[in-house]
Amino acid sequence: MNQPILPDSASIAPADDDLPDRRARLQSAIVLLLGLGLFLALPFVLSIGSVVFLPPVTAMIFTIVLSPLADRLTRMGLPNVLASFIAILALVAVVVMALLLILQPAFVMVDQVPTLARQVARRFAELRGNLWWIADVNRQLARITGHSAREVVVASPSVIEQVAFATPSVILETLLTLLMTFFMIEARIRMKRRILLDRHTFNASVRLARVLRDVQERVASYILTVAQVNFGVGVLVALGAWSFGLAAPVMWGGLAFVLNFLPYLGPLVMMGLLGLVGLGTAPTVAVGLLPALAFLGLHAVESNVVTPSILGARFTVNPVAILISISYFSWIWGVLGALLSVPILLTVSALLDHIGKPNLVGFLFGEALFEPGRLAGMDDDPDEGGPPDNSTAGAAQAG
């Protein structure tokens, strides 16, 4: 009688050993799909509820930048409330000064727009006359295909109507942002102590203190350093605009200062503005393009030599990630979202450096979904389970 052949237990063991790995990959795949869905759905939620979500995000970035100033004033002996209020006043003063330097001359230049437009049209007419063969080719193609160009005019609200509709929302969001920033700065020490000292283990408190300190140092140092570099660029642009005879050179310096916070896109916009105004005021096309070309040379030196040497490798971010962040947050919140995109990207990057960065390509080939972060391997610390001591409280206060 034939005995049934039973499978060897050794052959079953590998399948049992693979079960936890398969379960981990399944959980990672679910997390990946949920994260992708959140990434795609978040813009619609944040854009619709911009009045609710934009002020706290902006206030968090302002709090990170202004907290070192408030800490310094507190160490000088000022009360925490007064130090927080002075930090808010410094922020308001910088914003108001920038708006006055940029907007007031810009309103004066608006009156000259019709003259500049006619001059630019004359320059383009001259260029079109020199490139007459291109227009002849277009006419031949239109005759062959039987189609003619049609002009479509889309009715849209005027600039005054757009400003009138947007003003109440802007005022509300500005007030909410300033109030949230003040309360966040004033409560920063209490919040840090509560976040750090409420952990169940001392090791968790130390790790969280490192994350908070690194995020604040990275974002605040980046913004303050870039602001100093942009201030130098603005001064040089103002001097260059004055030497080229452009009207309101201080306005051009202020525009260069603000737009240079937008990597890649800001300098392109600045070059376009200089080119249009130069073509509208200069006697020839070559002379009109000189301001834009001079700014291109200045930006090449600043972005490739000055800024990398000052910031160093610690603040190096993938250019593709920067462009994706700018397009993502400008789609959600417009110009303000574009200005906040790089600080938000730095914050997320600092968190992922500690927690672990997603390993999407490696995950497709069997690796773990998240690479080990800086905090990996600290769970075996011999001090695990000890109560937070004074060093943690000091980290909470120093931030």
Plugging the Cβ-Cβ distance of residue 94 and residue 23 into 1/(1 + (r/R0)^6) at R0 = 45 Å yields, to the nearest 0.05, a FRET efficiency of 0.25
What list of ³J(HN,Hα) values in whole Hz, one per residue of region 347-353 in order, does the Karplus curve 6.51 cos²θ - 1.76 cosθ + 1.60 (θ = phi - 60°) give from phi, with Gly and Pro shown as x?
4, 5, 5, 5, 5, 5, 4
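Mind ranking 338-348, 43-53 by how tightly packed they are, going by the mean number of other C-beta atoms within 10 angstrom, highest first?
Working: 338-348: 20.5, 43-53: 13.6.
The packing order, highest mean first, is 338-348, 43-53.
If packing is taken as the average count of other Cβ atoms within 10 Å, what order do 323-330, 282-289 fall into, highest mean first?
On the way: 323-330: 18.2, 282-289: 14.4.
Final packing ranking: 323-330, 282-289.
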Using the heavy atoms of the protein chains and a 1.4 angstrom probe, tell me the accessible area per residue for region 194-332 in square angstrom.
50
Please report, to two decimal places, log10 I(q)/I(0) for region 249-307 at q = 0.12, 0.15, 0.16, 0.29 Å⁻¹ as given by the Debye formula with identical point scatterers on the Cα atoms and no solvent.
-0.28, -0.42, -0.48, -1.23
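Would you please put 259-267, 68-76 in order of how densely packed they are, using the mean number of other Cβ atoms within 10 angstrom per residue and starting with the highest?
On the way: 259-267: 18.9, 68-76: 16.0.
Packing proxy ranking, top to bottom: 259-267, 68-76.
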Could you please put 252, 331 in sequence from largest to smallest accessible area, using a 1.4 Å probe?
331, 252
For region 35-41, in residue order, the Karplus 3J(HN,Hα) values (coefficients 6.51, -1.76, 1.60; θ = phi - 60°; whole Hz; Gly and Pro = x) are x, 5, x, 5, 4, 7, 8
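The values are calculated or read from the model by the stated rules, or taken from the named source; none is laboratory data. Since this is a predicted model, take the numbers as computed values, not measurements. Glycine also receives a Cβ, built like all others from the backbone with ideal geometry; neighbour counts cover every protein chain displayed. For accessibility, only protein heavy atoms count, side chains too; no ligands or nucleic acids. Shrake-Rupley method; radii C 1.70, N 1.55, O 1.52, S 1.80 Å.
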